[in-house]
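K.L.:
Structure provided below as structure tokens; questions to follow.
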Amino acid sequence: MLCHKNKNAMQDPKSGVKSQTQRLVITTIPHAITGEDIVAWIVNRFKIDATEARAMGTMMVAFGYIYPLQDHKRLILKPDTSLYRFQTPYFWPAQQWPVEDTDYAIYLAKRNIRKKGMLELYEQEQYNSLYKWMNHKWDFIVMQAKEQYRAGKERKKPDRVVFDCQERAYWVVHRPPVRNIWTEYRPYGQFKPRVKSSVSIGAIVKYATTYKEHDPLLHSCLPSNPWLTDDVTYWTLNMPNVETPTKMRVECWTFSFGELLMDPRGRADFRLFLKKEFSGENLAFWEACEDLKWGAAETMKEKAQQIYKTFLARGAPRWINIDGKTMDITVKGLAHPHCYVLDAAQTHIYMLMKKDSYGRYLKSPVFKETQRKAIAPEPHRFTRRPSLSPIILRQQEEEQKAKLAASGPVDITQVMSELERKQKT
């Protein structure tokens, strides 16, 4: 990290980073500097390349010696015309001021007064947390916040704006916004909107309530657990393509369209329904895409071409209806086929079946007949006595050997050899 001498050198009016007055929205900010000027100064001063200079500048921003005027939550140095200012020495980390929660609560209360309750999301969460924790002295905190707010209003507007930026930059460094990458982003960097914790918890509770009786760890298997009773009836009744499914298995198909497609027996029932509606090609295309996705790599190109000729080409024998944009994406991808080349078309057909065919299937005579014929196995009364632990069996065997040895004649040679063997080991 740069020493204080070099920090002061950066602020030197003659040899330091070039600063000038900048207009930010409707306020004039004195002594503002740009990110590209900071990088250029570091390169010239330390004779390093621009990448290292940017990394060094980012460290200075992250530690609070320089703060951004625009995107204040991102503590990085942008090598462009983004505006920055040097932090006042009072707020430098080198001062080693103790970062107290009371001071932070006063700062948030002051911002809450100034913003009239319109704090940012992370600030509001921390404000509420501090209020619950420090409720016993919250009157003192609000009083201090009002006094500081009143004193700040007596300053000139540019000075007031600069001090607000300096104070905010100090607390962004010492109380940074908490970010949850698992709820903000998908894999591979695709953006995903933030989800409220109450919505997530509600979804988890709903899922657990729905699947509680179908979880073998939370609910007993019917007719019995084959691992405990040696009765394989449970496995026989739940074979992939059994003729008559169980009631619990059929009930799972109503939970979601994904559950129906994951079950081979459910997919066969859905295929029968689509055949009667003359739209069986949709499910056939989806299954072909799954086979392409999880099949062998050496046959991937031939499978992709065969699927195109069967379902997508003009005049195809089992032509499916997809929009023009999806067709263009698929055709372009088939020029260099891979296992996910048909994902766009598969997703389109999946959503079409989910929104249109799935609802009609649950109300159809096909599903109702399957539901009527489904069996409900009775609980098995026989329970196999659990076997003893191998450790206990070995102990019993050792005890039996000891009894036999004690009751019979003692062979001194055998006893001595046994003792020598134990001493060696």
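K.L.:
Quick check on Val17: is it farther than 16 Å from Cys165 by Cβ, crowded, with 18+ Cβ neighbours inside 10 Å and in contact with a Phe, Trp or Tyr (Cβ under 6 Å, 6 or more places away or on another chain)? Don't jump to the end; show me each part of the working.
P.N.:
On the way: farther than 16 Å from Cys165 by Cβ: yes; crowded, with 18+ Cβ neighbours inside 10 Å: yes; in contact with a Phe, Trp or Tyr (Cβ under 6 Å, 6 or more places away or on another chain): yes.
Considered against the rule, which asks whether it is farther than 16 Å from Cys165 by Cβ, crowded, with 18+ Cβ neighbours inside 10 Å and in contact with a Phe, Trp or Tyr (Cβ under 6 Å, 6 or more places away or on another chain), Val17 comes out as yes.
K.L.:
For residues in the stretch 133-183 being modelled with pLDDT under 80 and part of a loop (DSSP other than H, G, I, E, B), which is farthest from His72 (Cα to Cα)?
P.N.:
Asn180
K.L.:
Could you list, ordered by first residue, the pairs with Cβ atoms under 6 Å in which the first is in the stretch 296-312 and over 15 Å from Ala335 (Cβ atoms) and the second is open to solvent by 70 Å² or more (accessible area, probe 1.4 Å) and not β-branched (Val, Ile, Thr), at least 6 apart or interchain?
P.N.:
If the second residue must be open to solvent by 70 Å² or more (accessible area, probe 1.4 Å) and not β-branched (Val, Ile, Thr), the pairs left are Thr310/Arg318; Phe311/Arg318.
K.L.:
Name the pairs: first residue in the stretch 103-116 and without any contact (Cβ under 8 Å) to a residue 60 or more places away in the chain and in a helix (DSSP H, G or I), second residue open to solvent by less than 70 Å² (accessible area, probe 1.4 Å) and acidic (Asp, Glu), Cβ to Cβ under 8 Å, at least 6 apart or on different chains?
P.N.:
From the stretch 103-116, the pairs are Leu108/Glu123; Arg111/Glu123.
K.L.:
Right, next: Scan the stretch 71-81 and tell me whether some residue there is surrounded by 17 or more Cβ atoms within 10 Å (Cβ to Cβ) and out of contact with any helix residue (DSSP H, G or I) (no Cβ under 6 Å at 6 or more places or on another chain).
P.N.:
Taking the stretch 71-81 as the starting set, the residues that turn out to be surrounded by 17 or more Cβ atoms within 10 Å (Cβ to Cβ) are 75, 77-79.
Restricting the remaining residues to those that are out of contact with any helix residue (DSSP H, G or I) (no Cβ under 6 Å at 6 or more places or on another chain) gives none.
No.
K.L.:
If I filter the stretch 117-132 down to residues being among the aliphatic types (A, V, I, L, M) and assigned to a helix (DSSP H, G or I), which single residue comes out as farthest from the chain's Cα centre (by Cα)?
P.N.:
Among those that are among the aliphatic types (A, V, I, L, M) and assigned to a helix (DSSP H, G or I), it is Leu130.
K.L.:
Still on this structure: Just to be sure, is Arg360 modelled with pLDDT of 90 or more, charged (D, E, K, R), under 30 Å from Glu259 (Cα atoms) and part of a loop (DSSP other than H, G, I, E, B)? Walk me through it before giving the result.
P.N.:
Numbers: modelled with pLDDT of 90 or more: yes; charged (D, E, K, R): yes; under 30 Å from Glu259 (Cα atoms): yes; part of a loop (DSSP other than H, G, I, E, B): no.
Answer is no for this residue.
K.L.:
Now, a different point. For the stretch 202-224, give me the residue count where each residue is free of Cβ contacts under 8 Å to residues at least 60 places away in the same chain and either open to solvent by 100 Å² or more (accessible area, probe 1.4 Å) or within 16 Å of Cys252 (Cβ to Cβ) (or both).
P.N.:
Residues that pass the stated criteria total 16.
K.L.:
In addition: Scan the stretch 52-87 for residues that are within 15 Å of Ala32 (Cα to Cα) and assigned to a loop (DSSP other than H, G, I, E, B) and jot them down.
P.N.:
Correct list: Tyr65, Leu69, Gln70, Asp71, His72, Leu77, Lys78, Pro79, Asp80, Thr81, Ser82, Gln87.
K.L.:
Report every pair of residues separated by at least 6 positions or lying on different chains whose Cβ atoms are under 7 Å apart, first residue within the stretch 128-153 and closer than 19 Å to Cys165 by Cα, second open to solvent by 60 Å² or more (accessible area, probe 1.4 Å) and of a type in the set (D, E, K, R).
P.N.:
Within 7 Å, the pairs are Tyr149/Arg114; Gly152/Arg160.
K.L.:
Do the conditions hold for Thr254, that is, is it β-branched (Val, Ile, Thr), closer than 26 Å to Glu243 by Cα and out of contact with any Asp or Glu (no Cβ under 8 Å at 6 or more places or on another chain)? Write out each step before concluding.
P.N.:
Details: β-branched (Val, Ile, Thr): yes; closer than 26 Å to Glu243 by Cα: yes; out of contact with any Asp or Glu (no Cβ under 8 Å at 6 or more places or on another chain): yes.
Yes.
K.L.:
Further, regarding this structure: Out of all the residues in the stretch 225-264, which are under 32 Å from the mean Cα position of the chain (by Cα) and surrounded by 17 or more Cβ atoms within 10 Å (Cβ to Cβ)?
P.N.:
Residues satisfying the conditions are Met248, Arg249, Val250, Cys252, Trp253, Phe257, Leu260, Leu261, Asp263.
The values are calculated or read from the model by the stated rules, or taken from the named source; none is laboratory data. Quick caveat, the model's predicted, so the values are computed rather than measured. Cβ atoms come from the backbone with ideal geometry, glycine included; neighbour counts cover every protein chain shown. For accessibility, only protein heavy atoms count, side chains too; no ligands or nucleic acids. Shrake-Rupley method; radii C 1.70, N 1.55, O 1.52, S 1.80 Å.
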